Amino acid sequence: MLTIKNLTASYGKDSVLENLNLDIEEGMIHGLAGINGSGKTTLFHTIYGFIKPDAGTIQLNEQPLSRKKIAFLETQNYFYSNIKGKEYLDLFPDSTSTFSVKMWQELFKFPLNDLIENYSTGMKKKLALTGILKLDKPILLLDEPFNGIDMEAVRIIEKLLLRLKEKGKTIIVTSHILETLTAICDQIHILENKNITRIYRKNEFEGIEHDIFGEMDEKLKKWMND
Amino acid sequence: MKIKFIFVFVLFNFLKIRLIQLKRELISLGWWRVILICLFVILSGWFIYKEMKIFPGCYYITGFIGLITAMIHIYRKDKIFILITGAETLKIYFAEYAFFSIPVLVLMALTIHWYCLFALLCFDFVLSFINYTPQQKNRGGYTFSFIPKDNFEWISGIRKNSWFLSGLYLLALALLKYPYASLFILWIMLAIIASFYKECEPFDIINLSELPPKLFILQKLKLHFKSYFVFSIPILAGYCIFHIQTVWEALIIFVLSLINLSLFILSKYAVYEPKQDLSANNLLVTLIHLCMLVPVIGQFLFPVPLLMSIRAYRKSLHNLNLYLDAYY
């Protein structure tokens, strides 16, 4: 169990997360939803140890969580300039004997012998994802993995995440598209007002859209009628 | 009248943005580096002034400044941005180049080289018409077997500067017979290699080694020393064959090169932040490296890279602690 207790994190004087509590069950896919600026990326950065929390603890099975156990896919992927796709993947050690670059290339259709700066946004995302999957870490933090990706690749990533779950990986994923989360997640955590305010289990997903957008839909309806 | 006013306003804003960018770069460097840069600028100004008084010197200086401006213009990345803002690109470019050439133009005026002054201004004007930016589409079809796959800085840097470096390398080999020439070119090539370290890699690449800061730095230095050794050995060995009586010159250059290479690497990690561009920081170490060639001043600069490397090493350990603290 990954346990986050009373976590407070801030950028200078601006606190982004306040006394956040979250229990992440292992071997499941957890969705993290929230509006822009709600603190999803900050939470990932704090779990990854990129931001030192002002207060609180992050533990895996009652031991402090080590970065060694985590692979992190950032929202915006940055690559060193003048590097080819293959050279980028070669930097990542082969931690799993079953990993095949050729298979991934066929799946995602990225031109590995081209310079990465010539890749589209979606291609870059797929390349970055392939890189971190090569690391074979038990916990995956995926910040907006579906951004800029074509429909075919979205389906491949969905299937892939489900397969990784079967293999016992713990996956935390954020997305702006609620449907992509409901399709693959076992739990969806709503991050608002600097904290996790609601948790939905798979059998509760039907009402999630109404819960999140209900109030906003009413307002919109009223404004449009006016 | 109104259009003219808008143009002046836009132009003023662009120049203001440039000055703000310059100020930010200087602030990011820290005060002692700013003092060093100011000293270099003053020394360069003095050198340019001295050279301009002599007959062919003014032509060389004009050509050099023109070449630098042309390189900046061709490789600048904001051409589309300026176009999108709706500003008159020709006037913006010309105003920027003329504005930042003012110190040189003043020196030209002081040394009464009006023709050089007008030639430089005309060149800036003509340059502003050129809208060419080199495309990278077809670059990178070759591989560099001598560079280890972990040395992404060299893979990237050599690919970016392949033509220039190849030319210099061949020239160094061709001039092996002449004393100092090849060593001088090797030194210049190391200044290009310095530019390989101006870009900060993403955080996940740093993390791949899973080593604590001290071991990470040592491994990095080892890897890059190895690449430099393989790169420089044909020239150094050739020089030793042709100048057997002065083998020590090649050895000294090699040792000094390794110290300077350490400085390039360590000064990057001393201020490392994922995805950052460290051009200003990189410029400073490149200037120190190049100034070591300047007669008289160069001798006094010999211990500087070593002292700076020691300082940068300590700062690197501290700075990398944030990113590699999980691997103790």
Looking across the stretch B:97-129 at residues that are modelled with pLDDT under 85 and of a type in the set (Val, Ile, Thr), the single one that is least open to solvent (accessible area, probe 1.4 Å) is B:111
With the first residue restricted to the stretch B:291-309 and required to be closer than 12 Å to residue B:256 by Cβ, and the second required to be open to solvent by 30 Å² or more (accessible area, probe 1.4 Å) and part of a loop (DSSP other than H, G, I, E, B), Cβ contacts under 8 Å at 6 or more apart or on different chains are B:292/B:302
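Identify, from the list B:165, B:183, B:175, the residue that is within 14 Å of another protein chain (Cβ to nearest Cβ), among the aliphatic types (A, V, I, L, M) and either touching a residue at least 24 places away in the same chain (Cβ under 8 Å) or open to solvent by 10 Å² or more (accessible area, probe 1.4 Å) (or both). Break it down stepwise before answering.
Details: B:183 fails: within 14 Å of another protein chain (Cβ to nearest Cβ); B:175 fails: within 14 Å of another protein chain (Cβ to nearest Cβ).
Selected residue: B:165, the only one of B:165, B:183, B:175 that is within 14 Å of another protein chain (Cβ to nearest Cβ), among the aliphatic types (A, V, I, L, M) and either touching a residue at least 24 places away in the same chain (Cβ under 8 Å) or open to solvent by 10 Å² or more (accessible area, probe 1.4 Å) (or both).
Show me the strands (runs of 3 or more DSSP E) found entirely inside the stretch A:13-72 where at least 1 residues are surrounded by 13 or more Cβ atoms within 10 Å (Cβ to Cβ) and within 14 Å of another protein chain (Cβ to nearest Cβ).
Numbers: elements: A:14-24, A:29-33, A:55-60.
In the stretch A:13-72, A:55-60 are the strands (runs of 3 or more DSSP E) which contain 1 or more residues that are surrounded by 13 or more Cβ atoms within 10 Å (Cβ to Cβ) and within 14 Å of another protein chain (Cβ to nearest Cβ).
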Condition set touching a helix residue (DSSP H, G or I) at 6+ places or on another chain (Cβ under 7 Å) and under 19 Å from residue B:324 (Cα atoms), scope the stretch A:73-92, selection most open to solvent (accessible area, probe 1.4 Å): answer is A:91
Being at pLDDT 95 or above and either of a type in the set (Ser, Thr, Tyr) or open to solvent by less than 20 Å² (accessible area, probe 1.4 Å) (or both) narrows B:266, B:258, B:221 down to just B:266
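To keep it simple, each residue is scored yes or no on (1) of a type in the set (A, V, I, L, M, F, W, C); (2) within 14 Å of chain A (Cβ to nearest Cβ); (3) open to solvent by less than 20 Å² (accessible area, probe 1.4 Å).
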position: B:281; (1), (2), (3): no, no, yes
position: B:306; (1), (2), (3): yes, no, no
position: B:309; (1), (2), (3): no, no, yes
position: B:322; (1), (2), (3): yes, yes, no
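Residues being at pLDDT 80 or above and either among the β-branched types (Val, Ile, Thr) or within 23 Å of the chain's Cα centre (by Cα) (or both): count how many of those fall in the stretch A:79-99.
Of all residues in the stretch A:79-99, those at pLDDT 80 or above come to A:79-93.
Retained after the next criterion (residues that are either among the β-branched types (Val, Ile, Thr) or within 23 Å of the chain's Cα centre (by Cα) (or both)): A:79-80, A:83, A:85, A:88-89, A:91-93.
So the answer is 9.
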Residue pairs within 6 Å by beta carbon, gap of at least six or interchain, first lying in the stretch A:84-95 and facing chain B (nearest Cβ under 7 Å), second open to solvent by less than 10 Å² (accessible area, probe 1.4 Å) and in a helix (DSSP H, G or I), listed first then second, are A:92/A:131; A:92/A:134
Just one listed residue, out of B:242, B:231, is open to solvent by 60 Å² or more (accessible area, probe 1.4 Å), farther than 21 Å from residue A:91 by Cα and touching a residue at least 60 places away in the same chain (Cβ under 8 Å), and it is B:242
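Look through B:64, B:94, B:81 and report the one residue that is over 26 Å from residue B:284 (Cβ atoms) and open to solvent by 80 Å² or more (accessible area, probe 1.4 Å).
On the way: B:64 fails: over 26 Å from residue B:284 (Cβ atoms); B:94 fails: open to solvent by 80 Å² or more (accessible area, probe 1.4 Å).
Going through B:64, B:94, B:81 in turn, just one is over 26 Å from residue B:284 (Cβ atoms) and open to solvent by 80 Å² or more (accessible area, probe 1.4 Å): B:81.
Looking only at residues in the stretch B:194-206 that are part of a helix (DSSP H, G or I) and within 14 Å of chain A (Cβ to nearest Cβ), which one is farthest from the chain's Cα centre (by Cα)?
At the first step, the residues of the stretch B:194-206 found to be part of a helix (DSSP H, G or I) are B:194-197, B:203-206.
Narrowing further to those that are within 14 Å of chain A (Cβ to nearest Cβ): B:195-197, B:203-206.
Values: B:195: 5, B:196: 9, B:197: 10, B:203: 24, B:204: 26, B:205: 24, B:206: 23 Å.
Looking at residues that are part of a helix (DSSP H, G or I) and within 14 Å of chain A (Cβ to nearest Cβ), I get B:204.
With the requirement that a residue be over 21 Å from the mean Cα position of the chain (by Cα) and among the hydroxyl-bearing types (Ser, Thr, Tyr), what does the stretch A:105-134 give you?
Start the filter on the stretch A:105-134 by keeping residues that are over 21 Å from the mean Cα position of the chain (by Cα), which leaves A:105-106, A:109-119.
Within the stretch A:105-134, just A:119 meets the criteria.
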Scanning the stretch B:51-61 for residues that are under 21 Å from the mean Cα position of the chain (by Cα) and surrounded by 14 or more Cβ atoms within 10 Å (Cβ to Cβ) gives B:61
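What helices (runs of 4 or more DSSP H) lie completely within the stretch A:111-203 and have 3 or more residues being touching a helix residue (DSSP H, G or I) at 6+ places or on another chain (Cβ under 9 Å) and farther than 21 Å from residue A:45 by Cα?
Those helices (runs of 4 or more DSSP H) span A:151-166, A:178-184.
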The residue from A:102, A:169 that alone is more than 30 Å from residue A:201 (Cβ to Cβ), among the basic types (Lys, Arg) and either over 17 Å from the mean Cα position of the chain (by Cα) or open to solvent by 20 Å² or more (accessible area, probe 1.4 Å) (or both) is A:102
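Here is a list: B:188, B:158. Which entry is surrounded by fewer than 19 Cβ atoms within 10 Å (Cβ to Cβ) and either of a type in the set (A, V, I, L, M, F, W, C) or in a helix (DSSP H, G or I) (or both)?
Working: B:158 fails: surrounded by fewer than 19 Cβ atoms within 10 Å (Cβ to Cβ).
Of B:188, B:158, the one residue that is surrounded by fewer than 19 Cβ atoms within 10 Å (Cβ to Cβ) and either of a type in the set (A, V, I, L, M, F, W, C) or in a helix (DSSP H, G or I) (or both) is B:188.
The values are calculated or read from the model by the stated rules, or taken from the named source; none is laboratory data. Just so it is clear, the structure is predicted and the values come from calculations on it, not from any experiment. Positions of Cβ are generated from backbone atoms using ideal geometry, with glycine treated the same way; all protein chains shown enter the neighbour counts. These area figures cover heavy atoms from the full protein model, side chains too; ligands, DNA and RNA do not enter into them. Shrake-Rupley method; radii C 1.70, N 1.55, O 1.52, S 1.80 Å.
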